[in-house]
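Chemist: I am attaching a structure below and will ask some questions about it afterwards.
None of the figures in this text is laboratory data; all of them are computed from the coordinates on show. Model, not experiment: these values are computed from the prediction. As a convention, Cβ positions derive from the backbone with ideal geometry for all residues, glycine included, and neighbour counts pool all protein chains shown.
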Amino acid sequence: MTRSPLRLTYLALAIIGAVVPMRYFLRWFLENGWSLSGMVEAWHANDATSGLTYDLTIAAVALTLFVIVECIAKRDYLPLVAIPATYCIGVSCGLPLYLYLRSRPL
C-alpha cells in the first residue's frame, strides 16, 4: 500500500473532519436532548446558520453526484462509503475520505 504524503493528508483530514464536528454535535445533543428535528431547527436559527446549512447541503449533493459518477466510470465502488460519511458526519469528513480512497492504487 502506498503511503504518499498527500494520501496521508487526506486521511488525516477525514479523521479530523469526523472528530471535530462530532464533538460539537454530541455536545449539542447532550445539552438539548437527542432530537434530530431540534438540531435541524438550530441549523436555521438565523440567516448565517441557514446560509451555511444550504452551502454545505449543496456541496454534499455535488460531492455525492461526483462520487457516484466516478465510481461507476471506474468500476471501483469502495469510495461510495464517502456518501454516508458525508450525510452522517459532514462534507468535512466525506470529501477527504473520498479523495483518500480514490487516490489508492487499484
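Chemist: Mind listing whichever residues of the range 86-106 are in contact (Cβ under 8 Å) with a residue 40 or more places away in the chain, hydrophobic (A, V, I, L, M, F, W, C) and over 12 Å from PRO21 (Cα atoms)?
Modeler: The answer is LEU95, LEU97, LEU99.
Chemist: If you check SER50 against the conditions, is it under 20 Å from LEU13 (Cβ atoms) and among the hydroxyl-bearing types (Ser, Thr, Tyr)?
Modeler: no
Chemist: Then there's this: What do you reckon, is THR64 surrounded by 13 or more Cβ atoms within 10 Å (Cβ to Cβ), without any contact (Cβ under 8 Å) to a residue 40 or more places away in the chain and within 19 Å of the chain's Cα centre (by Cα)?
Modeler: yes
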